[in-house]
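Step one of this worksheet: look at the structure below.
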Amino acid sequence: MNLSIIGAGNIGVSIAKGLLDTKTINKITVSRRDINRISYLKDLGIKITDNNLDCIKDSDIIILAIKPQQCENVLTEIKPFLKNQIIISVVTGKEILDIENIIGNSCSIFRAIPNTAISEKKSMTCISCKKSELSNLKKVEELFANLGETLFVEEKLLDACTVMAACGIAFALRYIRAATQAGIQIGLDSETALKIVTQTVIGASTLIQNNKSHPEQEIDKVTTPQGCTIVGLNQMEHEGLSSSLIKGIQCSFEAIEKIKSQS
Ligand SMILES: NC(=O)c1ccc[n+]([C@@H]2O[C@H](COP(=O)([O-])OP(=O)(O)OC[C@H]3O[C@@H](n4cnc5c(N)ncnc54)[C@H](OP(=O)(O)O)[C@@H]3O)[C@@H](O)[C@H]2O)c1
């Protein structure tokens with residue numbers, strides 16, 4: 001299969017890099033208007049262009065990785081050249097119906113919400129499509145399964161998935177940064193602190209994945225009565241750790257509604 005990505009920005013390039021050694025993909029072409037910023041991709045074997053029509057030529061799968069406000073122009077531009085390709089939009093807040101209203105229903109339209117860890121094949125990618133497109137779902141799931149975990153969800157849940165998976169990378173990274181700063185305060189150099197925090201986060205995630213346990217079960221195992229862990233944890237909760245996370249996630253979710261109404 002030939003695959004093209006319109007919008008070679010943060011997520012577009014991350015997807016292209018993640019897909020590089022995927023056996024089922026013969027050719028990856030990516031587009032953006034300012035191609036000077038992605039000339040380095042040529043050395044990786046990715047074709048680059050500033051022409052969207054050139055980008056989708058011969059493509060079996062077209063990934064849209066542009067901002068929501070750029071969607072209408074780009075879709076209108078490529079519409080006359082669409083046949084029966086699979087179109088996968090990773091655009092936040094643009095619904096399948098919005099896309100269909102512009103390009104019609106000659107293509108098989110999917111939405112996928114990955115995160116930037118897709119470049120490392122560690123994405124959490126949530127996928128959605130209309131019931132009538134389920135025959136192509138396997139192909140789309142297999143594509144993203146090469147790049148991490150996938151989950152098929154109803155389209156109405158995709159905004160929540162966007163916050164948890166796509167924004168979630170930033171939330172997790174902020175935890176890693178804050179914990180590293182704390183490590184430096186209590187005597188570690190920054191490299192050592194960062195290494196310990198990063199591996200500890202991987203360890204915590206692996207415990208949940210492998211044991212299929214609830215976080216609190218794993219926390220119970222490390223909180224000795226009157227010990228140092230529970231003292232620290234409770235202090236974090238007094239300062240609003242869980243509450244601020246929940247409020248932040250709710251704010252991000254509400255921001256998607258705003259983006260939708262503006263695009
Ligand atoms: N970042 C994430 O983790 C993530 C995760 C899931 C979903 N998303 C969604 O993915 C979309 C892209 O996000 P992003 O973070 O990658 O944004 P970004 O870095 O700004 O990338 C958007 C890219 O689109 C290009 N572009 C704009 N107009 C274009 C046109 N007419 N033709 C071709 N390319 C065009 C821009 O480059 P030029 O200006 O040079 O054309 C830019 O490189 C958004 O809708 C976002 O919500 C992002």
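Some observations on this one:
- Under a Gaussian network description of the chain, with springs only between Cα atoms under 10 Å, the residue in SER128, SER213, SER190 that fluctuates furthest is SER213.
- By the Cβ distance rule of under 4.7 Å, the chain has these cysteines without a partner: CYS55, CYS71, CYS107, CYS129, CYS167, CYS228, CYS251.
- Student exercise, the stretch 135-263 dipole from Lys, Arg, Asp, Glu Cβ charges, in Debye to nearest 20: 180 debye
- Simple label model, 7 Å out from Cα along Cβ direction - LEU151 to LEU241, nm: 2.2 nm
- Fraction of alpha-carbon pairs over 24 Å apart in the chain - percent: 55 percent
- Using just its DSSP H runs of length 4 or more, each adding -39500 (n - 2.57), the chain gives a mean residue ellipticity at 222 nm of -15000 deg cm²/dmol after division by all residues.
- Positive dipole terminus of the chain, leading residue within ILE15, ASN36, VAL90 (C-beta point charges): ASN36
- Considering only ILE202, VAL153, SER128, the residue lying farthest towards the positive end of the dipole of the stretch 122-263 is SER128, judged by Cα position with unit charges set on Cβ.
- The length gained by stretching the chain between GLU77 and GLN185 to full extension, at 0.36 nm per residue less their Cα-Cα distance, is 33.5 nm.
- Compactness of the stretch 63-211, expressed as Rg and Dmax over alpha-carbon positions, Å: 18.9, 62
- DSSP bridge pairs, the chain: antiparallel proportion in percent, nearest 5: 15 percent
- Based on alpha-carbon atoms, the Kirkwood radius and the radius of gyration of the stretch 2-153 give Rg/Rh equal to 0.92.
- Listed residues THR76, THR223, THR49, most fluctuating in the chain (Gaussian network, C-alpha, under 10 Å): THR223
- Centre separation in Å (Cα based) which lies between the stretch 185-263 and the stretch 73-125: 33 Å
- Debye, to nearest 20: dipole size of the chain, +1 on Lys, Arg Cβ, -1 on Asp, Glu Cβ: 560 debye
- D_trans [Stokes-Einstein, Kirkwood Rh over alpha-carbon pairs] for the stretch 167-262, 25 °C, 0.890 mPa s, µm² s⁻¹: 158 µm²/s
- The chain: relative contact order as a whole-number percent, Cα under 8 Å and 6+ apart: 14 percent
- Karplus-derived HN-Hα couplings along the stretch 231-237 (A = 6.51, B = -1.76, C = 1.60, θ = phi - 60°), whole Hz, x at Gly and Pro: 4, x, 4, 5, 4, 4, 5
- Full-stretch length increase - LYS138, ILE196 - with 0.36 nm per residue and alpha-carbon distance subtracted: 17.0 nm
- Along the axis of the charge dipole computed for the chain (Cβ charges of +1 for Lys and Arg, -1 for Asp and Glu, origin at the Cα centre), the listed residues PHE253, ALA165, SER190 are led at the positive end by ALA165.
Bear in mind that the values in this text are calculations on the coordinates, not laboratory data. As the structure is a prediction and not an experimental result, all values here were calculated from the model. All Cβ positions, even for glycine, are placed from backbone atoms using ideal geometry, and neighbour counts span all protein chains on display.
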